[in-house]
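As structure tokens, the structure follows; a few thoughts come after it.
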Amino acid sequence: QVQLVESGGGLVEAGGSLRLSCAASGLTFSSAAMAWFRQAPGKQRELVAGMSAGGRLTNYGDFVKGRFTISRDNAKKTVDLQMTSLQPEDTAIYSCAVLRFYASRGSEDVRYWGQGTQVTVSS
């Protein structure tokens, strides 16, 4: 079965950086569009970043504003999210996902979910 395992979350001060990683198994990773979503307490889940199977096309949430970068290594079956200039409003559970299409923005287009990793940004 498909498994997505995230790592790299934690506590960071405002202005700091974190790198999240997602290790995938049980699927043909090189053919899968991948994404990171996040959900803050009391808020709807939202797309952070999506990437096409080959890694050439990306799609970011409007709030990212150049602070985050999604990348993938198809040989290692991993997809990463480098986050910089983190702010308290970035506090959320960040989840890795397999998308139907890299430009999809909604949860309805997610085929598989990871369990999520907590990111907390202190002010």
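What FRET efficiency comes out for the pair Gln82/Thr28, r = Cβ-Cβ distance, R0 = 22 Å, nearest 0.05? The calculated FRET efficiency here is 0.30.
The phi torsions of the stretch 37-52, fed into the Karplus equation with coefficients 6.51, -1.76 and 1.60 and a -60° offset, translate into couplings of 10, 9, 9, 8, x, x, 10, 6, 5, 9, 5, 9, 7, x, 9, 5 Hz, rounded to whole numbers, with Gly and Pro shown as x.
On the chain, 46 percent of the accessible area sits on carbon and sulfur atoms, based on a 1.4 Å probe.
Database remark: amide H of Arg72 closer than 5 angstrom to the amide H of Asp80 (H placed geometrically; neighbours at sequence offset of 5 or more, or on other chains; Pro and chain starts carry no H).
Percent of Cα pairs in the chain per distance bin of 10 Å, from zero to the largest separation: 15, 51, 29, 5, 0.
Which net charge results for the neighbourhood of Val79, defined as the other residues with beta-carbon distances under 15 angstrom from its beta-carbon, given Lys and Arg at +1 and Asp and Glu at -1? That sum, taken over residues with Cβ under 15 Å, equals +4. Looking at the chain, the accessible area is 51 square angstrom per residue; that uses a 1.4 Å probe and ignores ligands, DNA and RNA. Label sites at Glu108 and Val2, each approximated as a point 7 angstrom past Cα along Cα to Cβ, lie 1.8 nm apart. Residues whose amide H comes within less than 5 Å of that of Arg111, counting only those at least five positions distant or on another chain, are Val98, Leu99, Arg100 (H built at 1.01 Å from N in the peptide plane). Around Ala92, what is the net charge, scoring Lys/Arg as +1 and Asp/Glu as -1 over all other residues with Cβ under 11 Å from its Cβ? Net of charged neighbours comes to 0.
Taking a ≥ b ≥ c as the square roots of the eigenvalues of the alpha-carbon gyration tensor, the stretch 36-90 is classed prolate because a/c is 1.5 or more and a/b outweighs b/c. Computed 3J(HN,Hα) for the stretch 75-85, one whole-Hz value per residue from the Karplus formula 6.51 cos²θ - 1.76 cosθ + 1.60 where θ = phi - 60°, is 5, 8, 6, 10, 10, 10, 9, 8, 10, 10, 6, glycine and proline marked x.
For the stretch 36-103, applying the loop criterion from DSSP together with a ceiling of 10 other beta carbons within 10 Å to the trypsin sites (Lys or Arg not before Pro) yields Lys43, Arg56, Lys65.
By the rule of a C-alpha distance below 15 Å, with chain neighbours fewer than 8 residues away ignored, the aspartates and glutamates paired with Lys77 are Glu6.
The values are calculated or read from the model by the stated rules, or taken from the named source; none is laboratory data. Not measured: the values here are computed from a predicted model. Here Cβ is always computed from backbone atoms with ideal geometry, including for glycine, and neighbour counts include all displayed protein chains. Ligands, DNA and RNA are excluded from the accessible area calculation, which covers all protein heavy atoms including side chains. Shrake-Rupley method; radii C 1.70, N 1.55, O 1.52, S 1.80 Å.
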